[in-house]
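Colleague: Take this structure first; my questions come after.
The values are calculated or read from the model by the stated rules, or taken from the named source; none is laboratory data. Because the structure is a prediction, the values reported are computed rather than measured. All Cβ positions, glycine included, derive from the backbone under ideal geometry; neighbour counts span all protein chains shown. In case anyone asks, the SASA skips ligands and DNA or RNA and just uses the protein heavy atoms, side chains included. Shrake-Rupley method; radii C 1.70, N 1.55, O 1.52, S 1.80 Å.
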Amino acid sequence: MIPLVDCSIDISCSKNPSEDSTKLEYAITNIFGNLDIQTSKYALKASSKSLETLTKIHESITNHNTKKIYHRILNDNLSENSTWFYINKQAAFVNNVAVCEHEDESPLGPIKVMLYSKNIQRIIEWLIS
């Protein structure tokens, strides 16, 4: 069950000259659902105030037994009321969630997911539960 916690989620990725904005939007909506995506020449950005946006990632963590990896990454990147993680852009395009431990693991750059909340620990607990 998704906790009732105030949060803000920012999703962003770089847009390389060889990439099609439509395909990048498709990759983001595959994983995060129908969000309002802002596109510029060099990046795509989206945001949400609902943890439902992370449902597919939560399910992937549960189904692929990646709880320890996410737990470590989310806690390593924890800073007061925020944390973040990367997912592979190419995997997202084919409707798969693949966490990246480092930015260079995704050849065209990853999708960065930033989480903000006064109850960030509760969000981390839910994601990896």
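Colleague: Considering only residues that are farther than 14 Å from E125 by Cα and not polar (S, T, N, Q), look in the stretch 74-83 and name the one that is surrounded by the fewest Cβ atoms within 10 Å (Cβ to Cβ).
Modeller: This residue is E80.
Colleague: Tell me, please, whether a residue that is over 15 Å from I120 (Cβ atoms), in a loop (DSSP other than H, G, I, E, B) and charged (D, E, K, R) can be found in the stretch 45-54.
Modeller: no
Colleague: Which residues, taken from the stretch 1-38, are farther than 15 Å from K112 by Cα and either open to solvent by 70 Å² or more (accessible area, probe 1.4 Å) or in a strand (DSSP E or B) (or both)?
Modeller: Answer for the stretch 1-38, where residues must be farther than 15 Å from K112 by Cα and either open to solvent by 70 Å² or more (accessible area, probe 1.4 Å) or in a strand (DSSP E or B) (or both): M1, L4, D6, P17, S18, D20, T22, K23, Y26, N34, D36.
Colleague: Cβ-Cβ below 7 Å, separation at least six or inter-chain, first residue in the stretch 66-82 and at pLDDT 95 or above, second exposed (fewer than 14 other Cβ atoms within 10 Å of the Cβ): which pairs?
Modeller: What qualifies is I73/E101; N81/K118.
Colleague: When the stretch 100-118 is examined, which residues are found to be open to solvent by less than 80 Å² (accessible area, probe 1.4 Å) and touching a Pro at 6+ places or on another chain (Cβ under 8 Å)?
Modeller: Across the stretch 100-118, the qualifying residue is only C100.
Colleague: Using the structure shown, decide if K68 is within 24 Å of N81 (Cβ to Cβ), more than 14 Å from the chain's Cα centre (by Cα), among the basic types (K, R) and not in a loop (DSSP other than H, G, I, E, B).
Modeller: yes
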